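Asks: I'd like to ask some things about the structure below.
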Amino acid sequence: MGKRGIVLSIAGLDPTGGAGVLLDVKVFSFFGFKGAGIPTTLTLQNTSVFQGWESVGSEYLKNALELVFSDLPVKGVKIGMIGTSENAEIIGDFLKEHRKKISWIVLDPVLKASLNYNLFSSSEFLEVLKKKVLPFVDVITPNVSEVETLVEKTVRKREDLFKAVQKILDLGPNVVIVTGWKSSQFVWDLFYTKEKQFFLKKKKLSGSFHGTGCAFSSALLSYLIKERNPENAFKKAKNWLYLKLKKAEKEKLGGRLWLFL
């Protein structure tokens, strides 16, 4: 991959390094890829406190994307926190322009921080995300709360979840992977395409982890580039993440949240 292209993260910048652009690039490197990152937002946080975030300027984001895409062969893109409708528009335009050159695009729709803080600017943002970004995405990886936000409905039963996921699939992605459907002892993740739907379960861990969605979506993108098979990439990325979390559980860093990698 190093000679054939790079893997690009377009996401927020978390100063702890436990999520967003900094974590994504670490994951890409772990899988042997050359990683690059463009920040969309700057967060003010540590593992115990989230004090807020601010968006990078739309001109900066547009210029950064133009420079990277004009100079480097981007083969994979992971999109995380976007923040504003203006920046979602810009990202959508670039995906449309370069879609044929990019092998895989994964969207982790980061809409709320682990410390329960909204990470998008307005209700208009969701409409722009759906209309301008989702049509060019191969795989979207929301958690259950993000599914509810995207479809604007509460999800309580598995039947509700399947209906909501079908609505998201109809917006353009080929695969929807929902993380964090919980039972008393297990965490279930749903793999959903038009042809196939199944759950993958893992035993609950005791830690309160930071950046798991970012790590999973970046690992998923890495496996997609390696194998070109969404189902296999999903299973391998979940197994990889689970082993990393089990290790992190024994090596706590910070205050309220565990960091890993």
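Laboratory data are not the source of any read-out in this text; all were calculated from the coordinates shown. None of these values were measured; they are calculated from a predicted model. Please note: Cβ atoms are built from the backbone with ideal geometry, for glycine as well, and neighbour counts cover all protein chains shown.
Asks: What ³J(HN,Hα) values, in whole Hz, does the Karplus curve 6.51 cos²θ - 1.76 cosθ + 1.60 give for segment 200-212 when θ = phi - 60°, with x put for Gly and Pro?
Replies: Coupling constants for segment 200-212: 10, 10, 9, 5, 4, 9, 7, x, 10, 9, 10, x, 5 Hz.
Asks: Next up: Between 151, 27, 178, find the one with the highest GNM mean-square fluctuation for the chain; connect C-alpha pairs within less than 10 Å.
Replies: Of the options given, 151 has the highest mean-square fluctuation.
Asks: Taking θ as phi - 60°, what are the ³J(HN,Hα) couplings along segment 126-142 by the Karplus curve (6.51, -1.76, 1.60), each to the nearest whole Hz, with x for Gly and Pro?
Replies: 4, 5, 5, 4, 5, 8, 9, 10, 4, x, 10, 9, 7, 9, 10, 10, x
Asks: Quick query: amide H of residue 119 versus all other amide H atoms, modeled in the peptide plane; which residues come in under 5 Å with a sequence gap of 5 or more or a different chain?
Replies: 112, 113
Asks: Sticking with this one: So which residue, out of 187, 175, 139, gets the largest mean-square fluctuation from a GNM of the chain using Cα contacts under 10 Å as springs?
Replies: Looking only at 187, 175, 139, the biggest GNM fluctuation is shown by 187.
Asks: If you don't mind, there's one more thing I want to ask. Quick check: Cα centre of segment 146-179 to Cα centre of segment 126-144, how many Å?
Replies: The distance from the Cα centre of segment 146-179 to that of segment 126-144 comes to 11 Å.
Asks: Tell me the Kirkwood radius of segment 6-249: reciprocal of the mean inverse pair distance over distinct alpha-carbon atoms, in Å.
Replies: On the way: mean 1/r = 0.0561 Å⁻¹.
17.8 Å is the Kirkwood radius here.
Asks: Now for a different question. Along Cα→Cβ, 7 Å out, is where each label goes; now give me the distance between the ones at residue 51 and residue 159 in nm to one decimal.
Replies: Roughly 4.9 nm, to one decimal.
Asks: Subtracting the Cα-Cα distance from 0.36 nm times the residue separation, let me have the gained length for residue 200 to residue 152 in nm, one decimal.
Replies: On the way: separation 48, 0.36 × 48 = 17.28 nm, distance 2.51 nm.
Extending this stretch completely gives an extra 14.8 nm.
Asks: With springs only between Cα atoms under 10 Å, which of 206, 58, 103 fluctuates most in a Gaussian network model of the chain?
Replies: Ranking 206, 58, 103 by mean-square fluctuation puts 206 first.
Asks: Rounded to the nearest 500, what is the 222 nm mean residue ellipticity of the chain from helices alone, with -39500 (n - 2.57) per DSSP H run of 4+ residues and division by all residues?
Replies: Numbers: 8 runs with 101 residues, N = 261.
Helix contribution divided over all residues of the chain: -12000 deg cm²/dmol.
Asks: Residue 42 to residue 112: FRET efficiency via 1/(1 + (r/R0)^6), r the Cβ-Cβ distance, R0 25 Å, to the nearest 0.05? If you can, show how the numbers build up before the last one.
Replies: On the way: r = 17 Å, r/R0 = 0.69.
Result of the calculation: an efficiency of 0.90.
Asks: So, counting K/R as plus one and D/E as minus one, what does the shell of residues with Cβ under 10 Å around residue 155 add up to? Provide the component values of the computation, followed by the final result.
Replies: Details: positive: 153, 156, 157, 158, 163; negative: 148, 159, 160.
Here the count lands on +2.
Asks: Near the amide H of residue 19, under 5 Å away, which other amide H atoms are found, from residues 5 or more places off or on another chain, if H is placed in the peptide plane?
Replies: Distant-sequence amide H within range of residue 19: 14.
Asks: Long-range amide H contacts for residue 153: which residues qualify at under 5 Å (H placed 1.01 Å from N, peptide plane, sequence gap of 5 or more or a different chain)?
Replies: Under 5 Å from the amide H of residue 153 lies no amide H from a residue far enough along the sequence or on another chain.
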